[in-house]
Ligand SMILES: [Zn+2]
C-alpha cells in the first residue's frame, strides 16, 4: 500500500486506543499499527500497484504525487500520535533503508511481522480472496476508498474520545 494508507491505519488505531493516556496503551497501539502493515500490503493486490515505476505515465505520476501529498497531510494532522503512525510504516524500511544500504536483507521486516502467530493465516486468506487489480489504474479508487474509510474511523473515534465544544453543546441540547 501507499504510505498514506498505512498512516491512515495508524491514525485510526491511535484515535481508537488513545496512546497518550498511558504507556500500556502506547505499547498496544504501536504494536497493532506495525501488525496492520502486512494485511494492508496483502489488500494492495486490489489496488493500483504496477510492479515498476511508470515514470512516462501521467496518471501514475499524478496518483503518486497525490498519495505523497496525502501522506504528508495525514502525518501532520495526526502528528500527536507520531510514534503509532511511524510504527504503521515501519516494515517499509525494508525498501527505503535496507535496499539502498544493505544493512539487512530487504523484506526481512515484512517477513518478521508475517512470522508472528496467526499472521500467515490472515495473509493467506486475504491473498486467496482479494482480486489482483495491480495493473489497473481504476483500482486507485480502491485505495482511495480504504484511506477515506480509515480516516473516517479515526475522526469518529477521536470525536467520541474528545468531543468538541460544538459536539458537547449539541449533545446537551439533545438530552434536553
Ligand atoms: Zn509494506
- Message: Going through 35, 90, 40, 69 one at a time, which residue ends up being out of contact with any strand residue (DSSP E or B) (no Cβ under 8 Å at 6 or more places or on another chain), within 25 Å of residue 158 (Cβ to Cβ) and without any contact (Cβ under 8 Å) to a residue 12 or more places away in the chain?
- Response: 69
- Task: State yes or no: is residue 23 free of Cβ contacts under 8 Å to residues at least 12 places away in the same chain and either within 18 Å of the chain's Cα centre (by Cα) or loosely packed, with under 12 Cβ neighbours inside 10 Å (or both)?
- Result: yes
- Message: Kindly evaluate residue 107 against the criterion of being exposed (fewer than 14 other Cβ atoms within 10 Å of the Cβ) and on the phi > 0 side of the Ramachandran plot.
- Response: no
- With the condition kept exactly as written, say whether any residue in the stretch 106-119 is within 14 Å of the chain's Cα centre (by Cα) and away from the ligand (no atom under 16 Å from the Cβ). no
- Task: Mind listing whichever residues of the stretch 36-51 are crowded, with 21+ Cβ neighbours inside 10 Å and assigned to a loop (DSSP other than H, G, I, E, B)?
- Result: 47, 48
- State whether the residues of the stretch 58-77 include one that is modelled with pLDDT under 95 and more than 18 Å from residue 141 (Cα to Cα). no
- Message: For the stretch 66-102: of the residues being within 12 Å of the ligand (Cβ to nearest atom) and within 12 Å of the chain's Cα centre (by Cα), which is surrounded by the most Cβ atoms within 10 Å (Cβ to Cβ)?
- Response: 88
- Could you please give the count of residues in the stretch 128-154 that are loosely packed, with under 14 Cβ neighbours inside 10 Å and in contact (Cβ under 8 Å) with a residue 12 or more places away in the chain? 4
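The values are calculated or read from the model by the stated rules, or taken from the named source; none is laboratory data. What you see is a predicted model, and the numbers here were worked out from it, not measured in a lab. When we count neighbours, we look across all protein chains shown, and the Cβ atoms used for this are built from the backbone with ideal geometry, even at glycine.
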